[in-house]
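Everything below concerns the one structure shown next.
The values are calculated or read from the model by the stated rules, or taken from the named source; none is laboratory data. Please read all numbers here as calculations on a predicted model, not as lab measurements. Side chains included, ligands, DNA and RNA excluded: accessible areas come from the protein's heavy atoms. Shrake-Rupley method; radii C 1.70, N 1.55, O 1.52, S 1.80 Å.
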Amino acid sequence: MTSILAIETSTPACSVALLVGDAKFCRYSEEPRSHTRLIMRMIDEVLSEAGIGVDNLDALAVTVGPGSFTGLRIGFSTIQGLAFAADIPVIPVSTLQVMAQTYRRSADIDASDTLMSVLDARMGEFNCGVYQLDSSGCFTPVVEDQLLSKDNSLALCESLKPAVIVGDVDALFADSTGSGQLHKELYPNAVDLLDIALTNYSAGEAVPVDQVDLVYLRGTDAWKKHTPLRAV
């Protein structure tokens, strides 16, 4: 019976989800600048509800970016503490990939359709990723996550014509319209991170926490690595 704890703090939403066998236990809140206050309480609540302790976990999952610098640090520092204390491997996942998975839970999408996730990176730039469903029911990249200017983000939309665009779409299309795509404002949710994490865990992709880096996209270089974080 696989047990995975997932944490998502890279946007104004804060969420924690726990998988124990076929059961899921979740907490979600949209309280900007409250992640530090909420995260440990949420973890304690889902573990208590499931009746297990940290030492019963097989893996931890966390979004490693792109996203809010402060939010990412809070989530990953929490994961570091748990992973080092209990010697638990970690499954790092793209924030934009989890956003795509969050949309899938609330709406149908054809396997042949593509979905574009966007996060407002400020200063006229957007973090963008384009995904398509694979045979496991999870979204995988069609275009690698990258940081683009607003004009280039809109050009990517026009070029690929994804069926759905999710995330900070109001900011992206504030002065323009899409080419017939469905737009959906949303934040990533840890319960959807669990779906990806379970697939990756089964594929042997959980790694020691000291092998995990946060991701800060720079230019058009996808998955630009930041200096590795150490124990906190």
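Using amide H atoms built in the peptide plane, which far-off residues or other-chain residues are under 5 Å from Asn189 H to H?
Counting only residues 5 or more places away or on other chains, the set is Thr102.
At a 1.4 Å probe, what is the % contribution of carbon and sulfur to the accessible area of the chain?
After summing per-atom areas, the C and S share lands at 48 percent.
Once phi is turned into θ = phi - 60°, what whole-Hz ³J(HN,Hα) does the Karplus curve with 6.51, -1.76 and 1.60 give for every residue of the range 110-118, x standing for Gly and Pro?
6, 4, 7, 7, 9, 10, 10, 9, 9
How large is ³J(HN,Hα) for each residue in the range 157-162, as worked out from phi by the Karplus curve 6.51 cos²θ - 1.76 cosθ + 1.60 (θ = phi - 60°), to whole Hz, x for Gly and Pro?
After applying 6.51 cos²θ - 1.76 cosθ + 1.60, I find 4, 5, 6, 8, 6, x Hz.
Sequence-distant or interchain residues sharing an amide H contact under 5 Å with Val90, placed H: which?
Under 5 Å from the amide H of Val90 lie the amide H atoms of Leu60, Val207, Val209, each far enough along the sequence or on another chain.
May I ask you to rank Met99, Met1 by accessible area, largest first, using a 1.4 Å probe over the protein chains only?
These residues rank, largest area first, as Met1, Met99.
To the nearest 500 deg cm²/dmol, what mean residue ellipticity at 222 nm is calculated for the chain from DSSP H runs of n ≥ 4 alone, each contributing -39,500 (n - 2.57), summed and divided by the residues?
Only helices count here, giving -10000 deg cm²/dmol.
Leaving out ligands and nucleic acids, and using a 1.4 Å probe, what accessible area per residue does the chain come to in Å²?
45
Based on the Kirkwood radius over alpha-carbon pairs, what is the Stokes-Einstein translational diffusion coefficient of the range 1-116 at 10 °C with 1.306 mPa s viscosity, in µm²/s?
Taking Rh from Cα pairs, D becomes 108 µm²/s.
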